[in-house]
Structure formats: C-alpha cells, structure tokens
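Data block below; observations after.
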Amino acid sequence: MNFQLTDEQEMIRKMVRDFAEKEVEPTAAERDEEERFDRGIFDQMGELGLTGIPWPEEYGGIGADYLSYVIAVEELSRVCASTGVTLSAHVSLAGWPIYTFGTEEQKQQFLRPMAEGKKLGAYCLSEPGSGSDAAAMKTTAKRDGDDYILNGSKVWITNGGAADLYIVFAMTDAEKKHKGITAFIVEKGMDGFTMGKKEKKLGIRSSPTLEVIMDNVRVPAGNRLGEEGEGFKVAMTTLDGGRNGIAAQAVGIAQGALDKAVEYAKERKQFGKPIGQHQGLGFKLADMATKVEASRLLTYQAAWKESEGVPYGKASAMSKLFAGDSAMEVTVEAVQVYGGYGFTKDYPVERYMRDAKITQIYEGTNEIQRLVISKMLMQD
Ligand code: CAA
Ligand code: FAD
C-alpha cells in the first residue's frame, strides 16, 4: 500500500491551494455576510481546469483522477466551504450523471461546456415533501410527441439560479414508484422553468440555494438522461460519488478550522505561556488533528476506489458520515480554542462552525448514511 500522492496530485493540490488563498479566501467572509455568489470565481476555476478535473480531454476535462478532484474540493473548502460545494455539485452531481449515462451527443453538448467552465450545473432531486425519502417525489414528466412536459417543484437547489444546466428527476409513471422515475437535462431559459424562493441560511451562505419551479416545461426527448424508468438509479449512483465530494468539503472545513486554531494557540498567552502549551488545550488540538486525518484517509480511499473501478458506495457513505460528524466536532472546538474572540465575526472560526453543519445534512443526512451503510452490511 502506498500513501504517497503522485506528482500530478501534488501539483493539483499546490495549484488549488495557491488559487484558494489568493483569489477565494480574501472575499470569503464578505461573500458570506452578503450571501453573494461570485460567478467570477467559478469562471477562474474553469480557466484552471478545475471544473472538469475527472473528465477526459475529449469532453473538455483534464483527465485526472477522482483523488485529484477531491483534493481540489478540500483545498477550496479549507478557505471557503461555499466555493467547495459549488464545484462539488457541478462536477459530482451534474457532470457525473451526464458522463456516465449521457449519449455521445449529450456529452459534447452539455458535459464539454461544463468541463470547460462555460456552463454551471445543478442537481434537482429534493422536493418539499420528499427529502430523505427521495423516491416519493411528485414532479411529473408526461411524454408529448418528441418532448416531455415537466410539472412540479424542487427545493434546496445548490447553484440554483446561477446554473445553466439542471439534472431534474421526475415521475414518468407514478404507479411504478421508484421504477417510474426518469432523469432530464433542463436548460436555463426554457419556457416555464423559473426560480422560486432563495433560502436564507445558517452556513455556506455564498452558495445560492433556491427553489426551482416547473410549469409545463417542454423538454425535448433528446434531453432525457438514460432510459425511461432509470432515473432513480441515475440519482442514487450519482450520490454514491457526490457524497465523497461532501466528505472532501468537510475535510477542508475541518482542516481550515484546525489551522486557525493552532495558529491562535501559539500566539495567545494566558498564565504566562501560549494557550496551546496548557495540556488541556494541547490535547484538544491533538484530538482535532486526529479526526481531520482519519476523515481525510476515508475520503481519499473512497476516491481511489472510484478511480480504480472498485465498488465505492459504502466507502463514500462512510467518508461523508465520519468527515461530516468530525468537521462539526472540530469546528466547535476551534471556536472554543479562540475563547470569546471565537464567538465574534472578527475571526473566521465561527464561519467554519456554521459551514460545517451542512455536511451532516445534505446529500443524505448522516442518519441516511447510517441507513445506507447498515443495509449494505446486512447484504454482505
Ligand atoms: N446504486 C444503485 N442502485 C441503488 C442504490 C445505489 N446506491 N441505492 C438504491 N438503489 C436501488 C436499489 O437496488 C433498489 O433497486 P430495485 O428496486 O431494482 O431492487 C432501488 O434503488 C430502491 O432501493 P431502496 O429500497 O433502498 O430505496 P429507498 O426508497 O428505501 O431509498 C435511500 C433509499 C438510500 C434512503 C434514498 O432514498 C436516499 O439516498 N435518500 C437520501 C436522498 C439524498 O441523499 N438526497 C440528496 C439530494 S442532493 C443534495 O443534497 C445536493 C447537495 O448537497 C449539494
Ligand atoms: P427530512 O427527510 O424531512 O429529515 C428530517 C430528519 O429526519 C433528519 O434528521 C433525517 O435524518 C431524519 N430521518 C428521515 N428519515 C429517516 C429514517 N428513515 N431514519 C432515521 N432518520 C430519518 N437537494 C437536491 O436535490 N439538490 C441540491 O442541490 C441540494 N442542495 C442542498 C443545499 C442545502 C443548503 C440544503 C439545506 C439542502 C440541499 N438539498 C439538495 C436537500 C438535502 O439533500 C435534504 O435537505 C436532505 O436530503 C434531507 O431532506 P429533508 O431536509 O427533507 O429532511
């Protein structure tokens, strides 16, 4: 077993870290405060090739592996979790299903501009009445000649409004329950496709989260992704990899908070010495660092499995579960290390703590990850 990153993976980490520290971190607090999404940052990620890391060059990507991709999400999230999820939703949730289930024509038409950073993607599964129970969706798609007519609404859509392409799941045959779900690529600007309420959130506030409304949206059959009735499989297999993107986001948030905590523990003096030299606080930092490292190893392992073509669904559910819970614990402790100052917006650790919470909720709550893992254990 070799835990050494390749030269290419190290090079991508260095490039993303430089970019994140120079171009993303300086405005992170301000964008959080103003709940402002910056399309310019996404455009810059496109110029660097980050928007298509795992896709082959023939589809506009850079042909690197999934480990390089999760390293990129981690490094962005180390300074700004909102930017991390913008990339994760774009690549894992919108790009991956097109790469995996799309026709050659769909890959050229939709995946290529996404990989090149010219178009931003989103993934629309959740509805007001169906979050964890994703198969209970009510959105419908009715065949009408060469088109489908979509009706319904999706909620909590990351990149909503800003995105150009939306992977939408709808019922083509409700009687068949999950076997009656079909996936579509819906394009911004299609008649009847509009945005509803923008959520005001606790964390990841510069990542836009919107309701998406479909009122008789006519979608050409050529935009159907996969076969009729195959949509639940498209949705679930997409989430298998997407969850590891969120694990990487959690690792980045936790690492960022740990870095800030260590820095402060060296500087701040009480009782005549740096607070990190008081054993009570030093042990806290040790536990935080250990949780970050364990989360990272699970996340990298799941990414490696995906690249190697080894089943990775359980590994991803585990990485998201452990890294999400750890990020929450580590960021709460980072605030504690800062004492009263940690409770203010003068220091970034409160933002890390607010941002960490979402990693336990989206792409399947951590209760749902436990459900997925336990079901698989019973099948093994
Ligand atoms: N891969 C392939 N097939 C799968 C699968 C997987 N990972 N998981 C389930 N299936 C298949 C099953 O094999 C089964 O197939 P058959 O009917 O042919 O036997 C079928 O799907 C139904 O399986 P279940 O009975 O297990 O399905 P369920 O209705 O009980 O739901 C669930 C399972 C795992 C709880 C699922 O509903 C789920 O993942 N819920 C959470 C939803 C979620 O994660 N939403 C995230 C939205 S995106 C987001 O949040 C974005 C963001 O963060 C940026
Ligand atoms: P519910 O399903 O109502 O769950 C409520 C509580 O009950 C949770 O604690 C849950 O764990 C628990 N629970 C439910 N069922 C069980 C069970 N069987 N066993 C034990 N506990 C259970 N969705 C998208 O489709 N696309 C997106 O881009 C997207 N982005 C998001 C961004 C943000 C900021 C947020 C907040 C959400 C986003 N989501 C997105 C939706 C997200 O995936 C759902 O919020 C999540 O899956 C939970 O669904 P819910 O909110 O309806 O909670």
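Some notes on this structure:
- Residue match in the stretch 102-124 (condition: free of Cβ contacts under 8 Å to residues at least 12 places away in the same chain, among the polar types (S, T, N, Q), under 22 Å from Thr237 (Cβ atoms) and within 14 Å of ligand 1 (Cβ to nearest atom)): no
- Residue count, the stretch 125-145 (criterion: touching a residue at least 60 places away in the same chain (Cβ under 8 Å) and open to solvent by less than 40 Å² (accessible area, probe 1.4 Å)): 5
- A count restricted to the stretch 170-189 and to residues that are out of contact with any Leu (no Cβ under 9 Å at 6 or more places or on another chain) and more than 16 Å from ligand 2 (Cβ to nearest atom) stands at 9.
- Filter result (within 15 Å of Leu239 (Cβ to Cβ) and surrounded by fewer than 19 Cβ atoms within 10 Å (Cβ to Cβ)) within the stretch 285-315: Pro311
- Condition met for Thr209 (within 15 Å of ligand 2 (Cβ to nearest atom) and in the same structural domain as Val155 (by the TED database)): yes
- Matching residues in the stretch 158-177 - criterion: being farther than 15 Å from Ala235 by Cβ and more than 12 Å from ligand 1 (Cβ to nearest atom): Gly161, Ala162, Asp164, Leu165, Asp173, Ala174, Glu175
- Selection status of Gly63, outside any helix (DSSP H, G or I), surrounded by fewer than 17 Cβ atoms within 10 Å (Cβ to Cβ) and either out of contact with any Ser or Thr (no Cβ under 6 Å at 6 or more places or on another chain) or assigned by the TED database to the domain that holds Gln249 (or both): yes
- Checklist (1) farther than 23 Å from Ala302 by Cα; (2) within 13 Å of ligand 1 (Cβ to nearest atom); (3) among the hydroxyl-bearing types (Ser, Thr, Tyr) applied to Tyr148, failing item: (2)
- The set of residues from the stretch 190-206 being open to solvent by 60 Å² or more (accessible area, probe 1.4 Å) and either among the β-branched types (Val, Ile, Thr) or within 16 Å of ligand 2 (Cβ to nearest atom) (or both) comprises Thr194, Met195, Lys197, Lys198, Lys200, Leu202.
- Members of the stretch 212-254 found to be part of a strand (DSSP E or B), away from ligand 2 (no atom under 16 Å from the Cβ) and buried (at least 17 other Cβ atoms within 10 Å of the Cβ), listed by number: Val217, Val219, Arg224
- Selected residue (only one of Arg39, Arg78 is away from ligand 2 (no atom under 16 Å from the Cβ) and surrounded by fewer than 19 Cβ atoms within 10 Å (Cβ to Cβ)): Arg39
- Criterion (away from ligand 2 (no atom under 16 Å from the Cβ) and over 20 Å from Ser82 (Cβ atoms)) met by exactly one of Glu350, Glu367, Glu333: Glu333
- Test: residue in the stretch 96-110 that is more than 22 Å from Gly256 (Cβ to Cβ), crowded, with 24+ Cβ neighbours inside 10 Å, modelled with pLDDT of 95 or more and aliphatic (A, V, I, L, M): yes
- Among the residues of the stretch 359-372, those that are in contact (Cβ under 8 Å) with a residue 24 or more places away in the chain and surrounded by fewer than 17 Cβ atoms within 10 Å (Cβ to Cβ) comprise Thr365, Glu367, Arg370.
- Within the stretch 44-65, residues that are at pLDDT 95 or above reach partners that are among the polar types (S, T, N, Q) with beta carbons closer than 7 Å, at six or more positions or on different chains, in the pairs Met45/Thr51; Ile53/Ser68; Asp65/Ser307.
The values are calculated or read from the model by the stated rules, or taken from the named source; none is laboratory data. None of the values given here were measured: they were computed from a predicted structure. Here Cβ is always computed from backbone atoms with ideal geometry, including for glycine, and neighbour counts include all displayed protein chains. Surface areas here come from the heavy atoms of the whole protein model, side chains and all, with no ligands, DNA or RNA. Shrake-Rupley method; radii C 1.70, N 1.55, O 1.52, S 1.80 Å.
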